[in-house]
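I have placed the structure first, in the form of C-alpha cells, so that the comments after it can refer back to it.
The values are calculated or read from the model by the stated rules, or taken from the named source; none is laboratory data. Just so it is clear, the model here is predicted, and its values are computed rather than measured. Virtual Cβ from ideal backbone geometry, glycine too; neighbours counted across all protein chains shown.
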Amino acid sequence: NTLVVSLRQVFLNLFSNAFKYAISDHGMLTVDWNDDDDEFITFSVADNGPGIDPRYHRKIFEMFQTLSTKDVYGGSGMGLAIVKKVVEGLGGSITIESDVGEGAKFIFTWPKDCAKYIES
C-alpha cells in the first residue's frame, strides 16, 4: 500500500534526523500517538539531541536547507521537506517543539481515511 510506504518514509526521515544529530551515545527517541480525533491520528517523535533554535523552525522544512555544514553531519537538506510534503499532501500538518539544548519534538497528523485526501 502506497500510504504505508509514505508513513514509513515520514518515520524513517524523522528517526534518521534524531540519530544523525544525537549528541552522545545515549541518544533517546520517543514515539507517541493519539487517535482521539475522528479524522486524524497525531504522532510525535521526540529526541534528546541538540535542539533547534525557534528562529529556524520554518526553515528546516524547506528543500535543501540544513542548519549545519554538510561536512559535519552529511545529508541533503531534503528529509524534513519530504516529510512536510507527504504529511500536508494527505491533509495533515507538522510542527516542531524545540529550543537549543532541549532536543526536538516533531508532531504530525496523519489522516485515518487517507483515501479522501488523495487526488483521483
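Each row is one residue, and each column tells you yes or no for (1) modelled with pLDDT of 90 or more; (2) under 15 Å from the mean Cα position of the chain (by Cα); (3) assigned to a loop (DSSP other than H, G, I, E, B).
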position: I23; (1), (2), (3): no, no, yes
position: P50; (1), (2), (3): no, no, yes
position: S68; (1), (2), (3): no, no, yes
position: E88; (1), (2), (3): yes, yes, no
position: F108; (1), (2), (3): yes, yes, no
position: A115; (1), (2), (3): no, no, no
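Within region 21-41, the residues that satisfy the criterion of being surrounded by 14 or more Cβ atoms within 10 Å (Cβ to Cβ) and under 24 Å from V100 (Cα atoms) are Y21, A22, G27, L29.
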